[in-house]
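The values are calculated or read from the model by the stated rules, or taken from the named source; none is laboratory data. Model, not experiment: these values are computed from the prediction. Here Cβ is always computed from backbone atoms with ideal geometry, including for glycine, and neighbour counts include all displayed protein chains.
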Amino acid sequence: MMRKSSIGLRVALGMLAGVAGVGPAGWAAPAGPAFAARRDAAWRLAGEVAFPDVKSGPYSDYVTTDTRRHRVFTTMQASKEVVVSDYESDKVIKVIPGFGNPHGVVYRGDTDRLYVSDGAGKIEVYDGASYAHLKTIALRPGVDGVVYDPQDKRRIYVANGGDDAGEATAHLSVIDTDLDRVVADWVFPTPVLEQGVIDHAEGRMYLNLPMKAALAVIDLKSGRIAAQWAVPSCGRNMSVALSRAWNRLFVACRNSSMRGVIVAFDLKTGAVSKVLPSRGWIDSLWLDEKRRRIVDSSGDGVVETYVYTPDDAASGVSGPGGRSGGQYRKADDVETSVMAKTSYFDPVADRLFVSVPHLGFPTDYAKVMIFRPVE
């Protein structure tokens, strides 16, 4: 989510050929496993909103929602815009232009404000009703992803600095969204930060340090690193999701353009309980706790789902998480689009939103795909 590699459109199209089975002359290869009938899919496509005016380019980034007004916000890097659409009517509502490189997007419903992180070195604040620009919060160059608690957006944590700014250290700037100003700045001895997750029960944040294949366990009061967990079998850890109910922390890693892993940790001990195979260019990881599902979206064009059953429920073994860490059953992959690697699961709307960039084909527009769970 946060830092982007220098992969170009030609490489993305090469991935398209590899994934979809299309040869260099455009001939369709025989249908393979990627196009087989889905008998055990966890998701069904319920709708999509096309963005025909978005320019072609391999990247789109964060997604978030406003369930009260049925809105979904997507950052489209190629066109330097944020697109606001209605996920009930499948229509574009508003296009907000003028960014240098939009990445993160956070909507705070109680104040009706939208926060967009811009790689040019700032957070832009907008009125959620009129879309009028309200304020610019200056940060360092290389502004990227935003960490926040979905239930409490009074503070957001914004990655900036680091190698995108020509610096050896990265920063996580703390913004008070009641005041709309920076109230703290935490410095990390690494040039790249990736997605994090907040655990208010423990007063912690788990933050990805992809250059170290490690998680920083950060005390939210002091901003200090209380511990560092190595993530085994991991190339670059990109996304993270937490479930207190399951006593699990899940970390998604990219190991190559076509392969990755999801590493499950025991929250109490910090020990690894499971390493699951996943697809390439994984960028977003979500938990549907109601259905015990672990969901990720990847750049090679699929949404993956694992169904998790703790050993306690499966076999009566006592203790949190059970003896071997629980059972994981892989559901069938659901196709999206090449480089559709970022997504957002909204448990209130009960939908998964997948952001799709425009890769250059005349009618293959950028869009947001809307999936509903299959029970």
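When the stretch 296-353 is limited to residues that are in a loop (DSSP other than H, G, I, E, B) and among the aliphatic types (A, V, I, L, M), the one that is modelled with the lowest pLDDT turns out to be 317. Which one is nearest to residue 55 (Cα to Cα) among residues in the stretch 356-375 that are part of a strand (DSSP E or B) and of a type in the set (A, V, I, L, M)? The residue in question is 366.
Taken over the stretch 66-110, the criterion of being β-branched (Val, Ile, Thr) and under 18 Å from residue 133 (Cα atoms) is satisfied by 74, 75, 82, 83, 84, 93, 95, 96, 105, 106.
A Cβ distance below 8 Å, combined with a sequence gap of six or more or placement on separate chains, defines the contacts here; from the stretch 196-217, residues that are at positive phi reach residues that are at pLDDT 95 or above and crowded, with 22+ Cβ neighbours inside 10 Å in the pairs 213/231; 213/234; 213/237; 213/253.
Consider the stretch 141-191 and keep the residues that are out of contact with any Lys or Arg (no Cβ under 9 Å at 6 or more places or on another chain) and of a type in the set (Asp, Glu). The one that is farthest from residue 287 (Cα to Cα) is 185. Checking each residue in the stretch 282-295 for being of a type outside the set (Asp, Glu) and either modelled with pLDDT under 95 or part of a strand (DSSP E or B) (or both) picks out 282, 284, 285, 286, 287, 293, 294, 295. Against the conditions (1) crowded, with 18+ Cβ neighbours inside 10 Å; (2) under 20 Å from the mean Cα position of the chain (by Cα); (3) modelled with pLDDT of 90 or more; (4) farther than 19 Å from residue 362 by Cβ, residue 2 satisfies every one except (3). If you go through the stretch 222-245 and pick out every residue that is in a strand (DSSP E or B) and not charged (D, E, K, R), you end up with 13. Residues considered: 334, 338, 354. Of these, the only one that is closer than 14 Å to residue 76 by Cβ, crowded, with 23+ Cβ neighbours inside 10 Å and in contact (Cβ under 8 Å) with a residue 24 or more places away in the chain is 354.
Scanning the stretch 211-226 for residues that are under 21 Å from residue 103 (Cβ atoms) and basic (Lys, Arg) turns up nothing. Being crowded, with 18+ Cβ neighbours inside 10 Å and either over 17 Å from residue 354 (Cβ atoms) or touching an Asp or Glu at 6+ places or on another chain (Cβ under 8 Å) (or both) is true of residue 310.
From the set of residues in the stretch 101-133 that are hydroxyl-bearing (Ser, Thr, Tyr) and in contact (Cβ under 8 Å) with a residue 40 or more places away in the chain, which is farthest from residue 158 (Cα to Cα)? So, considering only residues that are hydroxyl-bearing (Ser, Thr, Tyr) and in contact (Cβ under 8 Å) with a residue 40 or more places away in the chain, the one farthest from residue 158 (Cα to Cα) is 131.
Within the stretch 156-181, the set of residues being in a strand (DSSP E or B) and surrounded by fewer than 16 Cβ atoms within 10 Å (Cβ to Cβ) comprises 176, 181.
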